[in-house]
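Report on one structure; see the data block that follows.
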Amino acid sequence: MKYNKVTEDVLNELKEIIGEENVLTNMEDLEKYSHDETAIGVKALPEVVVKPEDTDQVSKILALANERKIPVTPRGQGTGLCNGAVPIYGGILLSLERMNRILEIDEDNLMAVVEAGVVLSDLRAEVEKRGLFYPADPGERTSAIGGNINTNAGGMNGVKYGKTRNYILGLEAVLPSGKVLNLGGKVVKRSTGYDLMQLIIGSEGTLAVVTKAILKLVKLPKMFMTLYVPFNNLYDAARSVSDILRERITPTAMEFVERDVILEAESKVGKTMPHHDSEAYLIIRIEGDKEEELYENAEGISEICMRNNAVDVLVADTKERQDRIWDIRSIFYEAIVKSGTVELVDAAVPPRKIPEYVEKVKELSRKYGIRILSYGHAGDGNIHVHPIKGDLSDEEWSEKLPKLMEDLYREARALGGVVSGEHGIGWTKKRYLPICLDEEEIRLMKEIKRIFDPNNILNPGKIFDIEP
């Protein structure tokens with residue numbers, strides 16, 4: 001795909017739109033926006049970084065870029081894990097970090113209106129002051145709401161609360177042409193034509209730039225409890241997950257982790273967990289408004305786990321004890337990345353298929369001679385699989401890794417799974433998309449992209465490539 005360069009004339013027009021101080025061109029600034037948090041990914045320098053402060057400015061920037069056929073890459077906080085916000089073709093990096101205002105918290109209707117650059121942790125802190133809760137909870141609390149919307153981010157709360165799209169009631173989004181769409185609104189039900197809002201959610205910034213969102217809130221639960229459950233084998237842990245869900249006990253979070261991941265995290269955080277000799281663990285969080293209800297659910301979960309040969313069920317019912325467990329859980333990815341060169345597979349399989357998938361992962365680890373660590377969201381079947389370079393030579397790693405990655409995705413698909421459960425496709429996974437989507441699905445997606453963005457200026461090179 002051929003694009004035009006950002007000329008001096010374009011820079012001057014951008015400065016007129018947003019002010020000279022919000023148009024960045026020095027190398028130090030460009031370098032900061034050349035990557036995201038993908039462990040193994042690409043870096044690509046934008047030609048200019050622009051920081052608009054409102055939707056009107058975003059509209060003018062996109063209209064200019066579309067007219068001049070200059071690529072535009074939208075970016076929130078750059079916390080993505082598949083190079084989704086990396087400006088592969090240079091051009092304009094559109095940072096929404098200045099659009100970080102919480103515009104309204106509507107306590108009567110349990111809704112919030114926010115700009116796309118609002119940081120997740122800031123939103124949650126603000127609504128919790130009012131006894132409210134925004135449930136969508138990707139592991140990276142410093143991510144931006146706009147980025148969460150673009151990837152339909154999930155996280156640990158998914159087993160009970162679902163993903164980001166379940167909490168989006170309305171969107172303001174700017175098309176590549178500069179036209180502004182207002183989709184949805186402060187209504188709970190809608191059956192009015194095609195739902196373009198849901199189409200934009202999860203489209204990874206390839207169809208429109210999200211500038212505002214109306215979010216659904218819930219009441220903040222009064223009490224939490226955490227159960228830490230070691231098992232001697234993966235199948236017992238996975239069977240417990242299915243049995244718990246079948247009993248209509250819905251935990252807030254239900255995490256699966258292998259022993260080696262716990263050990264890796266402990267070494268990084270300086271805290272230890274019991275039962276190091278167990279093969280697999282479940283970390284389960286439950287919530288409620290009444291102590292009696294909480295303990296009743298904890299007892300039910302404990303009985304199910306013990307029936308499935310759990311080694312023990314450790315109950316953390318104080319904030320200090322719970323924080324200790326979740327502090328370790330929160331750094332799994334960081335701890336693994338610090339162990340050396342690491343790849344990431346974000347596959348999702350039916351929850352009951354978790355042990356089969358993890359066994360396939362172990363077989364592939366032995367086949368390729370590559371160490372692999374696994375953990376994930378047991379309640380919704382989203383497993384994070386990390387191949388680690390370790391002592392392999394660069395040549396061995398480069399030769400074996402692509403074959404291993406493809407096999408990992410194919411095994412997930414064979415079990416009824418998909419390539420990505422929550423991180424998105426971005427640039428790094430697009431070669432694997434045909435493993436889980438057929439040709440007609442991908443063709444339709446490309447046609448939709450062409451309708452929204454006929455000049456292919458918006459986040460090009462992500463999800464799939466568009467032929468001229």
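The values are calculated or read from the model by the stated rules, or taken from the named source; none is laboratory data. These numbers come from a predicted model, not from an experiment. Backbone-built Cβ (ideal geometry, glycine too); neighbour counts: all protein chains shown.
Given the criterion closer than 27 Å to Ala125 by Cα, buried (at least 23 other Cβ atoms within 10 Å of the Cβ), within 24 Å of the chain's Cα centre (by Cα) and not assigned by TED's automatic domain parsing to the domain that holds Gly158, identify the matching residue among Ala253, Ala238, Ala213.
Values: Ala238 fails: closer than 27 Å to Ala125 by Cα; Ala213 fails: not assigned by TED's automatic domain parsing to the domain that holds Gly158.
Result: Ala253 is the single residue among Ala253, Ala238, Ala213 that is closer than 27 Å to Ala125 by Cα, buried (at least 23 other Cβ atoms within 10 Å of the Cβ), within 24 Å of the chain's Cα centre (by Cα) and not assigned by TED's automatic domain parsing to the domain that holds Gly158.
Taking the criterion of being surrounded by 19 or more Cβ atoms within 10 Å (Cβ to Cβ) and either assigned by TED's automatic domain parsing to the domain that holds Lys429 or within 23 Å of Glu115 (Cα to Cα) (or both), the residues of the stretch 38-53 that qualify are Val48, Val49, Val50, Lys51, Pro52. You will find that of Leu433, Leu401, Leu444, the residue that is part of a helix (DSSP H, G or I), under 19 Å from the mean Cα position of the chain (by Cα) and either free of Cβ contacts under 8 Å to residues at least 60 places away in the same chain or in the same structural domain as Pro46 (by TED's automatic domain parsing) (or both) is Leu433 and no other.
Within the stretch 180-238, the set of residues being among the polar types (S, T, N, Q) and assigned to a helix (DSSP H, G or I) comprises Gln198 only.
When residues of the stretch 186-199 are filtered for being in contact (Cβ under 8 Å) with a residue 40 or more places away in the chain and among the aliphatic types (A, V, I, L, M), how many remain? Reasoning before the result, please.
The first filter runs over the stretch 186-199 and keeps only residues in contact (Cβ under 8 Å) with a residue 40 or more places away in the chain, leaving 186, 199.
Retained after the next criterion (residues that are among the aliphatic types (A, V, I, L, M)): 199.
Of the residues in the stretch 186-199, 1 are in contact (Cβ under 8 Å) with a residue 40 or more places away in the chain and among the aliphatic types (A, V, I, L, M).
If you check Glu320, Glu343, Glu356 for being out of contact with any Gly (no Cβ under 9 Å at 6 or more places or on another chain) and surrounded by fewer than 16 Cβ atoms within 10 Å (Cβ to Cβ), only one passes: Glu320. One residue stands out in the stretch 435-457 among those that are under 17 Å from Leu175 (Cβ atoms), in contact with a helix residue (DSSP H, G or I) (Cβ under 8 Å, 6 or more places away or on another chain) and aliphatic (A, V, I, L, M): the one that is surrounded by the most Cβ atoms within 10 Å (Cβ to Cβ), namely Ile457. Of the residues making up the stretch 372-398, those that are in a loop (DSSP other than H, G, I, E, B) and free of Cβ contacts under 8 Å to residues at least 24 places away in the same chain are Asp391, Leu392, Ser393. Checking every residue in the stretch 73-80 against the condition of being assigned by TED's automatic domain parsing to the domain that holds Gly146, within 18 Å of the chain's Cα centre (by Cα) and among the basic types (Lys, Arg) gives zero matches. Selection of the stretch 458-468 for residues being modelled with pLDDT under 95 and surrounded by 14 or more Cβ atoms within 10 Å (Cβ to Cβ) yields only Ile466. Sub-7 Å Cβ pairs linking a first residue in the stretch 267-290 that is among the β-branched types (Val, Ile, Thr) to a second residue that is at pLDDT 90 or above and in a helix (DSSP H, G or I), at least 6 apart or interchain, are Ile284/Ile301; Ile286/Leu294; Ile286/Asn297; Ile286/Ala298, ordered by first then second residue. I want to confirm something. Restricting to the stretch 267-291 and keeping residues that are among the polar types (S, T, N, Q) and over 16 Å from Gln322 (Cα atoms), which single residue is farthest from the chain's Cα centre (by Cα)? In this case the residue turns out to be Ser278.
Listed residues Ile451, Ile457, Ile388; which is of a type in the set (A, V, I, L, M), farther than 20 Å from Ala39 by Cβ and in contact with a strand residue (DSSP E or B) (Cβ under 9 Å, 6 or more places away or on another chain)? Reasoning before the result, please.
Details: Ile451 fails: in contact with a strand residue (DSSP E or B) (Cβ under 9 Å, 6 or more places away or on another chain); Ile388 fails: farther than 20 Å from Ala39 by Cβ.
Step by step, each of Ile451, Ile457, Ile388 is checked, and only Ile457 is of a type in the set (A, V, I, L, M), farther than 20 Å from Ala39 by Cβ and in contact with a strand residue (DSSP E or B) (Cβ under 9 Å, 6 or more places away or on another chain).
Take the conditions crowded, with 16+ Cβ neighbours inside 10 Å and out of contact with any His (no Cβ under 8 Å at 6 or more places or on another chain) and apply them to Ile370. Does it pass?
Yes, satisfied.
Scanning the stretch 17-34 for any residue that is under 18 Å from Ser143 (Cα atoms) and touching a residue at least 24 places away in the same chain (Cβ under 8 Å) turns up at least one such residue. Taking the criterion of being under 18 Å from Thr151 (Cα atoms) and in a loop (DSSP other than H, G, I, E, B), the residues of the stretch 447-464 that qualify are Asn459, Pro460, Gly461, Lys462, Ile463, Phe464.
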